[in-house]
Amino acid sequence: MIQHHPDDNLLVEYANGTLDTAQAIAVKAHLHFCTKCQQNVKRIEQIGGAMLDILEPEALGTDSFDKLMDSLDKLALESPKGNIVETPQSPKLGKEAEDLAKQYGPLPKIVSKMINNQSLKWKYVNSSLQTRHLVAGQTTHQVSLQKINAGGIAPEHDHRGTEMTVVLKGSFSDKQGIYQEGDFIIKGPGDIHQPISARNEDCLCLSVESAPVKLTGFFGRIINPFIKHHAA
Amino acid sequence: MHKAVELKQSYIDNNKASMESDTSTKKPTSFWNEHLLMVGKSQDRLSFKALYEHFGPLLKSYFMSKFPNQHSLQMMDELVQETMIKVWQKANSYDQSKAAASTWIFTLARNTRIDMLRRQNKYANTTSIETEEIWEDTTESGPYHMLQSHRQADDIRVSLEKLPEEQALVIRKVYMESKSHSEVAEELNLPLGTVKSRVRLAQNKLQSLIQ
């Protein structure tokens, strides 16, 4: 049962396409698990449709419809399938996404897609936490997968910016609560926490950070300067 | 501050104008759904033309309110064309039990705008992630079915007009001018928290109509 959701403001920004790409990806990954938020997004889109209908119309060029039909006719000639788009098939998973799906069950499509994009290595942050950078075609955030081993304890850390986390598999807890599959968590500066994975299974998360986290434990302070921020 | 007052006035004027034009020309939601289904089923050009004549000028208005004075009118026309091409190409997957025509077209227009912004961003080209993979166009998703009735769309319109001015202004900027909450806060010279709470209040009223 999903307990933690993006708030209405975030969903409104998502559904109006004003959230930046990386954060929108986090919301999208949550939607994969959450029918309640899917419904809310639809409601927002309905409001958008109704608002579109009360805008003051702006005249188009007189021959604009003919031009449009010309473009469509041209498209029909260019492509063997004509100018009609079939409902898209699910893209084939790449090897790495397939392996992860075998291990953790089906992942949100957008996550598999980012894994497909580039094969990068998992890196250890401490003995329980590994992280793998994902390429999301943007420069404002670091998008990554985080994996905490069953029963593992991630380093205690603070946040320099906004961090959105979606639990993709398993669960973790910190002093504030327990987060399970599909949960959407936002942390910001001052939210110091130390995620601990459930004892019975690994915890896999998608994380989207606007700035690198800041390790706060004793060893953390020593390795802090070595944490690199990748945004791409 | 001056700007905010001006905008508010123009919003009120727009509102009046749309209420006046409402009386004779509003077609029921199902009318447009039917046309869209005809385009999907048999590439019916007359239906497509009817859709174009109704939604084209609204779409232009939508794009213009996001990019006032920044871009040429020709570019606005191109964004309208791009959206209508998608309408034609994807009409076969339109499902009226999932969305009214206006909702579906709104999502296509939103995605066209995002596409344009992503084309301008060179980093977006470093991945093969399509806009539709992050923002769906209402055709794909899950177990959720909702018949959007004519009355419902009308209810939303009426209640939009009844929103307190300060909420209506913010909601309009967020939806039609496609501004983030922080952009709205900056433009209206308001604390971000105030913008967020106005959006939430308005959302609650509007969403309660769509259960």
Seminar exercise, completed: Summing -39500 (n - 2.57) over every DSSP H run of at least 4 residues in chain A and dividing by its residue count gives a helix-only mean residue ellipticity at 222 nm, to the nearest 500 deg cm²/dmol, of -10500 deg cm²/dmol
Exercise. Can you pull out the cysteines in chain A that have no other Cys Cβ under 4.7 Å?
Worked result: A:Cys203, A:Cys205
Exercise. If you build the Cα gyration tensor of segment B:149-211 and take the root of 5 times each eigenvalue, what three semi-axes come out, in whole angstrom, biggest first?
Worked result: 23, 11, 9
For this session: Distance between Cα centroids, segment B:28-50 to segment A:113-165: provide it in whole Å.
Result: 47 Å
Exercise. Other chains' Cβ within 10 Å of A:34-46 residues: what's the mean?
Worked result: 6
For this session: Return the subset of B:Lys27/B:Lys86; A:Lys169/B:Lys122; A:Lys95/A:Lys123; A:Lys147/B:Lys98; A:Lys109/B:Lys26 for which the Cα-Cα distance in this structure is over 30 Å, preserving the input order.
Result: A:Lys169/B:Lys122; A:Lys147/B:Lys98; A:Lys109/B:Lys26
For this session: Could you state how much accessible area is buried at the B-A interface, both sides summed, with a 1.4 Å probe, in Å² to the nearest 100?
Result: 6700 Å²
Exercise. Of the accessible area of segment A:1-149, with the probe set at 1.4 angstrom, what percent is carbon plus sulfur?
Worked result: 52 percent
Problem set entry | Cα-based helix-to-principal-axis angle, A:21-33 vs chain A, degrees rounded to 10 | 80 degrees
Exercise. So, with +1 on the Cβ of K and R and -1 on the Cβ of D and E, and no other charges, what is the size of the charge dipole of segment B:149-211 about its Cα centre, to the nearest 20 debye?
Worked result: 220 debye
For this session: Check each of the chymotrypsin sites (Phe, Trp or Tyr not before Pro) in segment A:93-138 and keep only those in coil by DSSP with at most 14 other C-beta atoms within 10 angstrom; list them in order.
Result: A:Trp122
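If exposed means no more than 12 neighbouring beta carbons inside 10 Å and the site is in a DSSP loop, what's the longest run of chain A without any exposed trypsin sites (Lys or Arg not before Pro)?
Of all site-free stretches, the longest is A:1-80.
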Exercise. Charges only on Cβ, +1 for Lys and Arg, -1 for Asp and Glu: so what's the dipole of segment A:95-226 about the Cα centre, in debye to the nearest 20?
Worked result: 300 debye
Seminar exercise, completed: Each residue of B:57-64 has, on average, a number of other protein chain C-beta atoms within 10 Å of its C-beta equal to 5
Exercise. Just A:His133, A:His141, A:His157 to compare: in a GNM of chain A, with alpha carbon springs under 10 Å, which one fluctuates most?
Worked result: A:His157
Exercise. Which residue, A:Asn83, A:Asn116, A:Asn40, has the most motion in a Gaussian network model of chain A that connects Cα atoms within less than 10 Å?
Worked result: A:Asn83
Exercise. Quick one: putting +1 on the C-beta of Lys and Arg, -1 on the C-beta of Asp and Glu, what dipole do you get for chain A around its Cα centre, in Debye to the nearest 20?
Worked result: 1240 debye
Exercise. Rounded, prolate or oblate: which fits segment A:108-198 when a ≥ b ≥ c are the square roots of the eigenvalues of the alpha-carbon gyration tensor, with rounded for a/c under 1.5 and prolate only if a/b beats b/c?
Worked result: prolate
Seminar exercise, completed: If unit charges are put on Cβ atoms (+1 for Lys and Arg, -1 for Asp and Glu) and the dipole of chain A is taken about its Cα centre, the option from A:Gly137, A:Tyr124, A:Leu10 lying farthest towards the positive end turns out to be A:Tyr124
Seminar exercise, completed: Connecting every pair of Cα atoms under 10 Å apart in chain A and solving the GNM, the largest mean-square fluctuation among A:Phe33, A:Phe184, A:Phe65 falls on A:Phe65
Problem set entry | Per-residue average of Cβ from other chains inside 10 Å of B:100-110 | 6
Exercise. What does the accessible area per residue of segment A:13-163 come to in Å², with a 1.4 Å probe and no ligands, DNA or RNA counted?
Worked result: 44 Å²
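The values are calculated or read from the model by the stated rules, or taken from the named source; none is laboratory data. Quick caveat, the model's predicted, so the values are computed rather than measured. Quick reminder, even Gly has a Cβ in these numbers, built from the backbone with ideal geometry, and neighbours come from all protein chains shown. Keep in mind that these areas ignore ligands, DNA and RNA; they rest on the heavy atoms of the full protein, side chains included. Shrake-Rupley method; radii C 1.70, N 1.55, O 1.52, S 1.80 Å.
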